[in-house]
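Structure first, then comments.
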Amino acid sequence: MVNRAGSRWRRSVPAVGTWFDGDSREGGPERHSERSRRKRAERAGRLAETLAVIVLVLKGYRILGRRFRCVAGEIDVVAVRGRRLAFVEVKRRSRRDGADMIVTSRQAGRIAAAARYWVQRHPRYRSHVMGLDRCDVTRNWCIHHQPDALQPLA
């Protein structure tokens, strides 16, 4: 390769044992596979959320927000239909058997606290009826929306 001045550029080849071969990094190849597994799981989770949003829109909901995070907790999808404000938790699992036990009452309490915080920040929706919904997405991308499925601790 030649640059503008006419002199040749040299390509530098990494020495054996540098981070390019994957063995000298902290954790070695095992850490790399763990990282890629997490990335795949995160991508699949985002796809599950997108499919849940599509199902909600087809049911007549208007999406107000996605992936809302605050100190109190996290909400996957915020949607409204009529006077009902739905805070949806999306869960991706291999099977629907035992899906009722996926979200504990403690997690539902965190979602409810985050929902109250969301309503404080959006006073326009204070008069709406709030519901904590769950969308289960199975391995074969079958989506099941359950309104008012989550019950927080009193």
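Nothing in this text is a laboratory measurement; each read-out follows from the coordinates by a stated rule. Just so it is clear, the model here is predicted, and its values are computed rather than measured. Positions of Cβ are generated from backbone atoms using ideal geometry, with glycine treated the same way; all protein chains shown enter the neighbour counts.
Fully extending the segment from residue 57 to residue 94 would add 10.9 nm, taking 0.36 nm per residue of separation and subtracting the current Cα-Cα distance. Based on C-alpha pairs under 8 angstrom that are at least 6 apart in sequence, the stretch 101-154 has a relative contact order of 42 percent. Once C-alpha pairs closer than 8 Å and six or more residues apart are averaged by separation and normalised to the residue number of the stretch 47-121, the relative contact order reads 28 percent. For the stretch 44-144, the set of trypsin sites (Lys or Arg not before Pro) satisfying both a DSSP loop assignment and a count of at most 11 other C-beta atoms within 10 Å is given as 83, 95, 126, 139.
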